[in-house]
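S.K.: Sharing a structure here in structure tokens format.
The values are calculated or read from the model by the stated rules, or taken from the named source; none is laboratory data. From a predicted model like this one, the values you see are computed outputs, not experimental measurements. No Cβ is skipped: glycine too gets one built from the backbone with ideal geometry, and neighbour counts run over all protein chains shown.
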Amino acid sequence: MFTDLPQEATADRASDVVRRLRAARGFVFDMDGTLVLGDQRNHGLAPLPGALETTQLLDRRGVGYVVFTNGTPRTPQGYAQELRKVGFVLDDSRMLTPASSAVELFVRRGYRRVIVLGGEGMTLPLREAGIEVVEPVGRPQADAVFIGWYREFSIDTLESACHAVWGGAQVFSASQSMFFATAQGRALGTSRPISAMIRDLTGCRINIVGKPSQEALRCAARRLRAPPRELVVVGDDPSLEMPMARRAGALAVAVRSGLGDDEAYAQLPEAQRPDVVLDGLNDLLELMRS
């Protein structure tokens, strides 16, 4: 559980982790590689060991939790439905994606027109918030370009997005991660390479609205009605959940059931390393019951 530490230090850290778990006002779980594994489009989801039992224990204790995935092929409601099919008991409000945090940010900034490089998982939440979704065709005018899961990307799309940026649009990415965990191993995301092409041509800044941004964590914290520092963030990607949690002062719990392993977590800067590394949610369940 804790590596490369003297026995006394290990015991002290374990005690502190258990204390913070007990005091937590809410949990933020990653989905792929933490709670479940599926394919590249999140089909065929299967709960990982301990995932159902951990969320059930939180429900019994009256501790809130949300699930935040950087995936955007589905709406938050669509992801929640898929998780319910495999045994999780959660309503739609507990499911968050980068579209959730993007909507909050765009509304706060007064954005009215947004070009979306993605599907219904991104467009529907924006339309429900009263934001006009602009097609990436020709030379469109928009307040923002929002990039997510978009394997239909083309040179024509790239040209339209660049013209919007040259016209003043800000660029927002659902994620800058290279990979995400599936049952077949790691799979390539699309937000990062698309963002890289637009940035290379326009020199624009890429603003991340999914994990590991603080915008994403604040969105989860508002849903849980608790300050970020009183939350527990659980995830498998060293580049996402751990830096996000540590920056906000939340308890950072890493699991080895997805992308991350001991070497990957150890290579993080000290300020971004997890507070504890576990094999999976079965270990977390044991800590919560201790």
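S.K.: Could you list, in sequence order, the residues of the stretch 47-67 that are assigned to a helix (DSSP H, G or I) and not basic (Lys, Arg)? Give the derivation first.
M.R.: Let us first name the residues in the stretch 47-67 that are assigned to a helix (DSSP H, G or I), namely 51-61.
Answer for the stretch 47-67, where residues must be assigned to a helix (DSSP H, G or I) and not basic (Lys, Arg): Ala51, Leu52, Glu53, Thr54, Thr55, Gln56, Leu57, Leu58, Asp59.
S.K.: Something else: For residues in the stretch 164-185 being under 16 Å from Leu96 (Cβ atoms) and aromatic (Phe, Trp, Tyr), which is surrounded by the fewest Cβ atoms within 10 Å (Cβ to Cβ)?
M.R.: Only one residue tops the list, namely Phe180.
S.K.: Can Arg151 be described as of a type in the set (Lys, Arg), surrounded by fewer than 21 Cβ atoms within 10 Å (Cβ to Cβ) and in the same structural domain as Gly26 (by TED's automatic domain parsing)? I'd like the intermediate steps shown before the answer.
M.R.: On the way: of a type in the set (Lys, Arg): yes; surrounded by fewer than 21 Cβ atoms within 10 Å (Cβ to Cβ): yes; in the same structural domain as Gly26 (by TED's automatic domain parsing): no.
Answer is no for this residue.
S.K.: To continue, here is another question. Go over the candidates Arg84, Arg113, Arg61, Arg74 one by one and state the one that is crowded, with 22+ Cβ neighbours inside 10 Å and basic (Lys, Arg).
M.R.: Values: Arg84 fails: crowded, with 22+ Cβ neighbours inside 10 Å; Arg113 fails: crowded, with 22+ Cβ neighbours inside 10 Å; Arg61 fails: crowded, with 22+ Cβ neighbours inside 10 Å.
Going through Arg84, Arg113, Arg61, Arg74 in turn, the sole match is Arg74.
S.K.: Being within 24 Å of Pro193 (Cα to Cα), in the same structural domain as Ile194 (by TED's automatic domain parsing) and touching a Phe, Trp or Tyr at 6+ places or on another chain (Cβ under 6 Å) is the requirement here; does Asp156 meet it? Before you say what the answer is, go through the steps one by one.
M.R.: On the way: within 24 Å of Pro193 (Cα to Cα): yes; in the same structural domain as Ile194 (by TED's automatic domain parsing): yes; touching a Phe, Trp or Tyr at 6+ places or on another chain (Cβ under 6 Å): no.
No; evaluated as a whole, the condition is false for this residue.
S.K.: Show the residue pairs meeting these rules: Cβ distance below 9 Å; 6+ apart or different chains; first residue within the stretch 68-80 and in a strand (DSSP E or B); second residue small (Gly, Ala, Ser).
M.R.: Matching pairs, first to second residue: Phe68/Ser100; Phe68/Ser101; Phe68/Gly210; Phe68/Ala216; Phe68/Ala220; Phe68/Gly235.
S.K.: Out of Leu201, Leu188, report the one residue that is surrounded by fewer than 19 Cβ atoms within 10 Å (Cβ to Cβ) and in contact (Cβ under 8 Å) with a residue 40 or more places away in the chain.
M.R.: Leu201
S.K.: Additional query: Just give me the residues in the stretch 146-180 being over 16 Å from Pro212 (Cα atoms) and among the aliphatic types (A, V, I, L, M), in sequence order.
M.R.: Scanning the stretch 146-180 gives Ile155, Leu158, Ala161, Ala164, Val165, Ala169, Val171.
S.K.: What is the residue count in the stretch 209-252 for residues that are without any contact (Cβ under 8 Å) to a residue 40 or more places away in the chain, surrounded by 18 or more Cβ atoms within 10 Å (Cβ to Cβ) and not in a helix (DSSP H, G or I)?
M.R.: Looking only at that region, the number is 3.
S.K.: Of all residues in the stretch 155-169, count the ones that are in contact with a strand residue (DSSP E or B) (Cβ under 8 Å, 6 or more places away or on another chain) and without any contact (Cβ under 8 Å) to a residue 40 or more places away in the chain. Lay out the reasoning, then the answer.
M.R.: Going residue by residue through the stretch 155-169, those that are in contact with a strand residue (DSSP E or B) (Cβ under 8 Å, 6 or more places away or on another chain) are 157, 160-161, 164-165, 169.
Now restrict to residues that are without any contact (Cβ under 8 Å) to a residue 40 or more places away in the chain: 165.
Number satisfying all stated conditions: 1.
S.K.: With a cut-off of at least 2 residues that are at pLDDT 95 or above and over 25 Å from Leu45 (Cα atoms), name the strands (runs of 3 or more DSSP E) lying wholly within the stretch 101-199.
M.R.: Those strands (runs of 3 or more DSSP E) span 113-117, 132-134, 144-147, 170-173.
S.K.: Of (1) under 12 Å from the mean Cα position of the chain (by Cα); (2) touching a residue at least 60 places away in the same chain (Cβ under 8 Å); (3) surrounded by fewer than 22 Cβ atoms within 10 Å (Cβ to Cβ), Asp283 satisfies all except one. Which?
M.R.: Of the numbered conditions (1) under 12 Å from the mean Cα position of the chain (by Cα); (2) touching a residue at least 60 places away in the same chain (Cβ under 8 Å); (3) surrounded by fewer than 22 Cβ atoms within 10 Å (Cβ to Cβ), the odd one out for Asp283 is (1).
S.K.: All but one of (1) closer than 30 Å to Arg20 by Cβ; (2) not assigned by TED's automatic domain parsing to the domain that holds Phe68 hold for Arg223, so report the exception by its number.
M.R.: The number of the failed condition is (2).
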